[in-house]
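*Asks:* Have a look at this one.
Please treat every number below as a calculation from the coordinates, not as lab data. What you are looking at is a predicted structure, and each value in this text was computed from that prediction instead of being measured. All Cβ positions, even for glycine, are placed from backbone atoms using ideal geometry, and neighbour counts span all protein chains on display.
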Amino acid sequence: MDLDSVSQPFAFCDIGLSASPISFMDQNRNQTEIELKEGVPISLIFGDVYFSKEGGWEESKYVFLEGNRIPDFLTSGSKNHYKIGELGFGTGLNFFVTLAFWYNLPNPPPIHFYSLEGFPLPIEILQSLNLSFPGKPLWTENLLKGYQKTFDQWIKNPLDRIWKTETLHPLSQSKFTLEVLFGDVSECLDYFPSIDFWYLDGFSPKKNPMMWSEETLSKIKTHSQVGTRLATFTAAGFIRRTLEGLGFMIQKQKGFGKKREMITGVFL
Ligand SMILES: C[S@@+](CC[C@H](N)C(=O)[O-])C[C@H]1O[C@@H](n2cnc3c(N)ncnc32)[C@H](O)[C@@H]1O
């Protein structure tokens, strides 16, 4: 499937929402310290990169889309609606990679892509994604506007933090919905529905243990059903063991490029 063939920017339309009844969060979370190195954002809080410039698009496709076997499921006709859950929206790269794949299918089922983000990036940094991957369908002005509007609301009122927007498939009129919750993982995950495919992308477990805590992984289980799949770039032993203890069958796979290993799993 040639993902480069989407040349037109996606036409998204924001969906109005009332403030959600989510508990209060620490306003200091709004302070995000980021450095751009050769076009790649680096979090100074976590000392980790958001994506690798060399092959970042392909890596996201390999680890999350293919790691979850999403291409097989979307073309199998076995289910008429899929929910993806992501930990760490970041620059939105995983979302755009998934959207581009879906867009190129002739008759894909609707997808609802849930994500959460505790340190929303400023839009100048989001725009760096477009410079890092020229020719790919990424941030449009319209999408940036919707994101910025939610960010501004969230700064004023931490309960007002859901950005929900959707686009229609050009042939099938099927919908791709994006729903991002701004806030800490410990609060936002509770509001996810039962998910079909997890993208566990919250920086490395050593640098960001909160995203990989037992509490977080137990919530992943709570919001999974039999057959729910997960994929992540890490193969850390304690993550594997915790997920297995929670009922996921975990497999080690070859990592992307020079990376030795990654893991995927399915809830039994
Ligand atoms: C590797 S980046 C995600 C990259 C992203 N998926 C992309 O496509 O650009 C990890 C993300 O997790 C977020 N994050 C880290 N700790 C968090 C927490 N405790 N709660 C919510 N988000 C968190 C970071 O701000 C960062 O955006």
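*Asks:* Quick check on Asp201: is it within 15 Å of the ligand (Cβ to nearest atom), within 19 Å of Ile70 (Cβ to Cβ) and charged (D, E, K, R)?
*Replies:* It is true that Asp201 is within 15 Å of the ligand (Cβ to nearest atom), within 19 Å of Ile70 (Cβ to Cβ) and charged (D, E, K, R).
*Asks:* A further question follows. Which one of the conditions (1) within 21 Å of Phe46 (Cβ to Cβ); (2) more than 12 Å from the ligand (Cβ to nearest atom) does Asp196 fail to meet, given that it meets all the rest?
*Replies:* (1)
*Asks:* Something else: Need pairs with beta-carbon distance below 6 Å; first residue touching a residue at least 12 places away in the same chain (Cβ under 8 Å) and of a type in the set (A, V, I, L, M, F, W, C) and within segment 36-55, second in a loop (DSSP other than H, G, I, E, B) and more than 10 Å from the ligand (Cβ to nearest atom); sequence gap 6+ or separate chains.
*Replies:* From residues that are touching a residue at least 12 places away in the same chain (Cβ under 8 Å) and of a type in the set (A, V, I, L, M, F, W, C), the pairs are Val40/Lys53; Ile45/Glu33.
*Asks:* From the set of residues in segment 114-128 that are within 21 Å of Ile34 (Cα to Cα) and touching an Asp or Glu at 6+ places or on another chain (Cβ under 8 Å), which is nearest to the ligand (Cβ to nearest atom)?
*Replies:* Per the criteria, the residue is Gly118.
*Asks:* Now a separate question. Can you list the strands (runs of 3 or more DSSP E) lying wholly within segment 29-113 that have 1 or more residues being under 15 Å from the mean Cα position of the chain (by Cα) and within 13 Å of the ligand (Cβ to nearest atom)?
*Replies:* Here the list reads 82-87.
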